[in-house]
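The structure appears right after this line, and notes come after that.
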Amino acid sequence: MSKGKSKTLFDLIKSLDKNEKRYFKRFMLSEGQQEDRKVLLLFDLINTQPEFDEDKLLQEEPSLKPSQLSNLKAYLYEKILQSIRQFHLAKMGDVQIREQIDFAQLLFSKRLYQQGLSCLRKAKKLAIANGNLELQLEIIKLEKRILLFTNSHGTTSQVDEIIRETSQITGQINNINVFSNLAIRLNSLYTRIGYIRNEQEYLKVKDYFHTTIPPIEEEKLSSIEKIYLYRLYVGYYFFIQEFENGYTAAQRLVALYESMPLLLQGNIESYLQALNSLLIAQNKLYKYAEFVETNQKLHSIDLIPSVHINESIRIRLLKYYYVHEINQYFMTGDFSKGIEVIMNGHEKQILQLMDVLDKHSVLIFYYKIACLYFGAGQFRNAVRWMGGIINIPNADMREDLQCFARIITLIAHFELDNRDVIKYYIRSTYRFLLMKEDLHLFQKYILGFLKKLHDDPDEEELTRRFVELRNQLLPLLNSEYEKRAFLYFDMISWLESKIEKRSVQAIIQEKAALRLI
């Protein structure tokens with residue numbers, strides 16, 4: 001086993017929880033082979049290492065010979081996977097389906113056709129309940145083979161039913177492929193640029209969407225097809241900032257899962273994504289009461305019968321918990337409490353979580369936490385967290401966040417009275433916005449305001465300029481494409497805080513009390 005594969009084995013062992021490790025040891029001891037005891041010894045040694053060190057392994061245990069270590073590691077890796085599969089068999093629908101298919105194939109090889117068909121019937125029932133079309137198709141292929149190989153071609157009705165099922169499932173799979181391909185294409189574009197920025201991008205995305213998606217009679221679609229369709233709608237409407245339509249699609253998606261408990265249990269990560277989408281829409285539309293209710297569902301996932309919280313689900317849940325906890329404080333404007341509860345109480349856990357998240361999720365955390373600090377008036381911390389976005393090596397991801405991170409950093413430096421820093425950052429921000437083609441009126445007005453600060457205006461003149469900038473920005477709230485800027489930063493509330501000489505937190509809290517529903 002190469003060094004890369006050794007690291008893979010180490011990571012696999014470290015990913016096991018206590019119950020999985022205990023089960024693995026029982027699993028190995030039950031086989032009772034002498035060689036397995038040596039494998040268990042290797043497992044224990046690797047499990048105690050903070051980092052994988054093969055030389056240290058050999059020093060600590062002379063019975064492990066260098067010449068046999070590669071084979072032992074490969075065998076150990078395979079046995080761990082077998083034990084995990086067996087341990088989670090009752091909790092993973094797809095694994096149970098495949099097991100029944102395997103049983104059927106073994107029975108067919110022994111010419112025990114009726115017993116094999118009985119296993120296939122169990123597998124098909126499970127596959128339908130879990131919405132797994134690919135495995136349903138695999139089961140039907142086996143049913144066809146048995147009819148042909150046994151020269152028992154079945155009744156006309158049996159044959160017609162198999163042909164009908166094949167045609168129906170193939171059509172459903174084709175639709176799902178179209179929906180999912182379009183969804184990942186749009187998501188890829190969103191991950192790069194963020195929300196659409198101008199009419200040209202809007203028309204391009206809209207044209208691509210409507211020319212790619214086939215004619216749909218929604219009422220004729222199966223539940224699994226609807227899931228992929230609603231997921232596509234959510235992504236599309238969010239991308240073009242039609243949050244009301246996105247909200248409706250997310251509602252339908254969550255309701256569909258909740259109307260089919262078996263489907264939900266077998267697709268818990270997809271259900272979590274649906275709840276996340278609904279929470280995002282409720283946040284954007286200030287539906288606070290609904291947001292709290294949906295967030296409660298997210299926090300009650302472990303109460304759903306037969307749900308197993310594996311490591312992937314645990315990480316996803318943690319991400320959603322923290323993101324929407326921050327969003328809730330954004331909605332109420334209580335930034336100081338958000339800092340106290342989230343950052344003062346959980347910063348270490350959030351940093352650990354960010355170590356295992358994808359880069360896009362990490363960028364979102366940086367931005368939300370920086371804005372939380374800004375709203376609480378902790379501008380140095382806001383600059384520090386925005387730096388995590390500005391200094392990322394890959395500048396082709398979420399260009400919108402990178403652009404607005406620079407704008408907010410400039411404003412934070414203004415609050416900190418770092419005039420020399422502003423002078424330097426304005427030039428670099430102009431260059432960056434031009435390079436990313438994101439220099440719109442919103443950005444031009446703000447940069448123009450900051451650029452004129454070199455004349456060091458008195459308090460009265462500065463207030464007049466705040467009013468002037470506010471008057472320039474207010475019409476943009478009704479502009480089809482300029483209004484997107486206010487999704488990233490509530491510039492109007494900040495200006496009003498400067499004009500009225502109050503904290504931005506107080507201004508936003510007053511507005512929140514009036515608009516939250």
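Residue by residue through region 361-401, note down the ones that are assigned to a helix (DSSP H, G or I), of a type outside the set (A, V, I, L, M) and within 15 Å of H413 (Cβ to Cβ).
Y373, F374, F379, R380, N381, R384, W385, G387
Within region 11-28, track down each residue that is touching an Asp or Glu at 6+ places or on another chain (Cβ under 8 Å) and within 16 Å of L40 (Cβ to Cβ).
Hit for region 11-28 is M28, nothing else.
Would you please list the contacts, defined by Cβ atoms under 7 Å and residues six or more apart or on different chains, that run from a residue in region 159-174 that is within 12 Å of L137 (Cβ to Cβ) and exposed (fewer than 13 other Cβ atoms within 10 Å of the Cβ) to a residue that is among the small types (G, A, S) and at pLDDT below 90?
Here the result reads none, with nothing in region 159-174 linked to a residue that is among the small types (G, A, S) and at pLDDT below 90.
Taking Y195, is it over 37 Å from the mean Cα position of the chain (by Cα) and surrounded by 15 or more Cβ atoms within 10 Å (Cβ to Cβ)?
no
Can you spot a residue in region 301-311 that is part of a helix (DSSP H, G or I), crowded, with 19+ Cβ neighbours inside 10 Å and at negative phi?
no
Are there any pairs with C-beta distances below 7 angstrom linking a residue in region 124-152 that is under 24 Å from M92 (Cβ atoms) and outside any loop (DSSP other than H, G, I, E, B) to a residue that is of a type in the set (S, T, N, Q) and at pLDDT below 90, with the two at least 6 apart or on different chains, and if so which?
Short answer, once both residue conditions are applied: L126/Q96.
Out of everything in region 465-501 that is of a type in the set (K, R) and over 23 Å from L416 (Cα atoms), what residue ends up being farthest from the chain's Cα centre (by Cα)?
Per the criteria, the residue is K483.
Tell me the residue from E468, E480 that is out of contact with any Gly (no Cβ under 7 Å at 6 or more places or on another chain), over 18 Å from F239 (Cα atoms) and exposed (fewer than 14 other Cβ atoms within 10 Å of the Cβ), please.
E468
Please find, within region 75-94, the residue that is nearest to E143 (Cα to Cα) out of those that are aliphatic (A, V, I, L, M) and surrounded by 14 or more Cβ atoms within 10 Å (Cβ to Cβ).
Step by step, filter region 75-94, then rank; the result is M92.
State all residues of region 267-300 that are polar (S, T, N, Q), touching a helix residue (DSSP H, G or I) at 6+ places or on another chain (Cβ under 7 Å) and outside any helix (DSSP H, G or I); if no residue qualifies, say none.
Hits for region 267-300: nothing passes.
Tell me which residues, restricted to region 328-348, are over 17 Å from S503 (Cβ atoms) and either in contact (Cβ under 8 Å) with a residue 24 or more places away in the chain or acidic (D, E) (or both).
Q328, M331, I342, M343, H346, E347
Only residues that are of a type in the set (G, A, S) and over 27 Å from A485 (Cα atoms): list them for region 207-247, please.
If the condition is that a residue be of a type in the set (G, A, S) and over 27 Å from A485 (Cα atoms), then S222, S223 are the ones that fit.
Name the single residue, out of those in region 311-346 being over 20 Å from the mean Cα position of the chain (by Cα) and of a type in the set (D, E), that is nearest to R515 (Cα to Cα).
For region 311-346, the residue satisfying everything is D334.
Filter region 365-401 down to the residues that are among the basic types (K, R) and without any contact (Cβ under 8 Å) to a residue 60 or more places away in the chain and list them by number.
Once the filter is applied, which keeps residues that are among the basic types (K, R) and without any contact (Cβ under 8 Å) to a residue 60 or more places away in the chain, region 365-401 yields K368, R380, R384.
For region 206-242, which positions are out of contact with any Leu (no Cβ under 7 Å at 6 or more places or on another chain), outside any loop (DSSP other than H, G, I, E, B) and farther than 30 Å from Q136 by Cβ?
Once the filter is applied, which keeps residues that are out of contact with any Leu (no Cβ under 7 Å at 6 or more places or on another chain), outside any loop (DSSP other than H, G, I, E, B) and farther than 30 Å from Q136 by Cβ, region 206-242 yields K206, D207, Y208, H210, T211, Y237, F238.
Can you tell me how many residues in region 418-459 are under 28 Å from E480 (Cα atoms) and buried (at least 16 other Cβ atoms within 10 Å of the Cβ)?
Total meeting the criteria: 16.
Among the helices (runs of 4 or more DSSP H) confined wholly to region 45-113, which include 3 or more residues that are modelled with pLDDT of 90 or more?
The qualifying helices (runs of 4 or more DSSP H) are 66-87, 93-109.
The values are calculated or read from the model by the stated rules, or taken from the named source; none is laboratory data. Note that the structure is predicted; figures quoted are calculated from it, not measured. Please note: Cβ atoms are built from the backbone with ideal geometry, for glycine as well, and neighbour counts cover all protein chains shown.
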